[in-house]
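Below is one structure, written out as structure tokens, with a few remarks after it.
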There are 2 protein chains.
Amino acid sequence: MSVSSEHSDVASRTLKIGMVGFGPFGQFLGKTMIRQGHLLRVTSRTDYSELCAHMGISFFRDIGAFFEAENDVVLICTSILSLTEVVRSMPLDRLKRPTLFADVLSVKEHPRNVLLRVLPEESDVLCTHPMFGPQSGKDGWKGLTFMYDRVRIRDEGICSSFLHIFQSEGCRMLEMSCEEHDKVAARSQFITHTIGRILSEMEIQSTAINTKGFETLIQLKESTVRDSFDLFSGLFVHNRFAQKELQNLELALNKVKQKLVEKMGEEEQD
Amino acid sequence: MSVSSEHSDVASRTLKIGMVGFGPFGQFLGKTMIRQGHLLRVTSRTDYSELCAHMGISFFRDIGAFFEAENDVVLICTSILSLTEVVRSMPLDRLKRPTLFADVLSVKEHPRNVLLRVLPEESDVLCTHPMFGPQSGKDGWKGLTFMYDRVRIRDEGICSSFLHIFQSEGCRMLEMSCEEHDKVAARSQFITHTIGRILSEMEIQSTAINTKGFETLIQLKESTVRDSFDLFSGLFVHNRFAQKELQNLELALNKVKQKLVEKMGEEEQD
């Protein structure tokens, strides 16, 4: 694992970036890429032609034409759950030259495995996870963590130009393996989403006597349910470490409960 | 339930306040009371004579002498778990006149019931819960909620002078029944502490890829374990609504788990 926030010496160039999927997260990233002068193209199963026209981006209804458009980078911004289907449906034989495939999904072993299985050997693969989104990154990306794993990189120029997008915004650049990412994210991001979903299931609401701690839980609940259930379940289904952490959460709840029940027994004896 | 943050018109007077129990929370309240010019006396099973001497407070080793000292208010700042024992050991026959008994415990039906059972009928009873503490109230009490229930008040002058301590600091004054308090606090403060304890049991720690949401959970864990396990278990043992809310938390976790497992099944079929 290595961290860097200094600007790379490598000369960065303007990239033709083809985004596959253009939901809120893709749009959020796209805005900064456009501002930096990169050329964006978008394809998606949803029709984003109007939004793209408004943003000055070419929208490709025809995924074949998208793959023929000589993108430097194909950036996968689909949901975790739809990744396999989307990648399977890519007409990869239409690629005119070796291309860097990157992804920004919140799990990392799954897209790495899918991409290595499906892509032509000459395609480079960069797996990344920006640890921020439209909420936490709304005032800029400075100091926010950008995790990446150079899974299979031969064209250093394209790869570093792509990383430079995040580096130049001031991100804390963190190189970490996909496996290590998933292990750590299961104990942090997944558990955070799980607690937010539990609080939502309990229908907790602001009261007349909120403590500061309870107010942070209300905020957590609200920010969790702003994300889709598909994202949350993707964090579970496609991170092999998540099931164990869910068990750990259950075990911890049982231990806390047991301690309370024991204390209640002691108090009743007094 | 009624809220007020305006200053009362009732002329407030300097009070002789006898505090029973002088842990971190009692000390925290005591500092502001002294600054306002009230006269403090303290008794406690722990010897706080040095600390009290340092703060200019009379410390009574002899609880009999403490009760003879003609306090306007006896303010109970013990832990929830020790309340019954402390109240039982009070030599109430040494009281020289009707006295207001107030408490600041984080559960409310329990001290109300204990005080009504044990105190002489001529004693007034005011049950309160400042919804803040040494952490959240360290920069002043302005805008922070002070909950109270006028359980049995005949001497309006003493009662409003005592409430004025909090009112004049800018607290949001909230009149609410002890029952309503406990119902709401079981779903808010108790659940917050429970989640903090669960995270502590899981030994969650800051990672290289913290999301903002996860950072709030780390802070919650840390602030929860700063409070004693006795406080946490008191919130459970002496709030009759807490057991149900702990069940609700378990049910919610099971529902979330079930939804994840179902999704996993669907994905595996694809």
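Some notes on this structure:
- Links that overshoot a 22 Å alpha carbon limit, given the list B:31/B:96; A:108/B:221; A:212/B:142; B:31/B:108: B:31/B:96; A:108/B:221; B:31/B:108
- Solvent-accessible ranking of A:22, B:59, largest area first, probe 1.4 Å: B:59, A:22
- In Hz, Karplus ³J(HN,Hα) per residue of region A:159-173 (6.51, -1.76, 1.60; θ = phi - 60°; x = Gly, Pro): 4, 6, 5, 5, 4, 4, 4, 8, 4, 6, 8, x, 4, 7, 7
- Anisotropy class of region B:171-264 from Cα gyration tensor, a/c 1.5 cut: oblate
- When nucleic acids and ligands are ignored and a 1.4 Å probe is applied, residue A:169 ends up with an accessible area of around 40 Å².
- Förster-model FRET efficiency, 41 Å R0, residue A:180 and residue B:240, C-beta, rounded to 0.05: 0.30
- Net dipole in debye of region B:149-202 [+1 Lys, Arg Cβ; -1 Asp, Glu Cβ; about Cα centre; nearest 20]: 100 debye
- Reported to the nearest whole Å, the Cα centre-to-centre distance from region A:195-250 to region A:134-185 is 25.
- The figure for residue B:223 is an accessible area of roughly 40 square angstrom, using a 1.4 Å probe on the protein chains alone.
- Surface per residue (accessible, 1.4 Å probe) for region A:143-270, Å²: 41 Å²
- With respect to chain B, whose longest principal axis is taken over its alpha-carbon atoms, helix B:24-35 is tilted by about 50°.
- Carbon/sulfur fraction of accessible area - the protein assembly as shown, other protein chains in place, 1.4 Å, %: 46 percent
- Of all residues in chain B, the one whose Cβ lies closest to the rotation axis carrying B onto A, together with that distance in whole Å, is B:216, 2.
- Here region B:77-198 carries DSSP beta bridges of which approximately 40% are antiparallel, counting only pairs with both residues inside.
- For region A:48-204, the dipole from Cβ point charges (+1 on Lys and Arg, -1 on Asp and Glu) about the Cα centre works out to 180 debye, to the nearest 20.
- Interface size A-B, as summed buried accessible area [1.4 Å probe, Å², nearest 100]: 5500 Å²
- A simple spin-label model places the labels of residue B:36 and residue A:219 2.9 nm from each other, with each point 7 Å out along Cα-to-Cβ.
- Annotation: amide H of residue A:145 within the under-5 Å range of A:131, A:172, sequence separation 5 or more or interchain, hydrogens built in the peptide plane.
- Each other copy holds its own label point for residue A:116; taking that point as 7 Å from Cα along Cα to Cβ, the gaps run 6.9 nm, nearest first.
- Between 0 and 90°, nearest 10: helix B:109-118 axis offset from chain B longest Cα axis: 30 degrees
- Taking N as the residue count of chain B, its C-alpha radius of gyration divided by 2.2 N^0.38 Å amounts to 1.15.
- Against the main long axis of the alpha-carbon atoms of chain A, helix A:178-187 sits at an angle near 30°.
- Given charges at beta-carbon only (K, R positive; D, E negative), |dipole| of the protein assembly as shown in Debye: 500 debye
- Copies compared at residue A:89 - label distances in nm, ascending, label defined 7 Å from Cα in the Cβ direction: 7.3
The values are calculated or read from the model by the stated rules, or taken from the named source; none is laboratory data. All values derive from a computational prediction rather than experimental measurement. All Cβ positions, glycine included, derive from the backbone under ideal geometry; neighbour counts span all protein chains shown. These area figures cover heavy atoms from the full protein model, side chains too; ligands, DNA and RNA do not enter into them. Shrake-Rupley method; radii C 1.70, N 1.55, O 1.52, S 1.80 Å.
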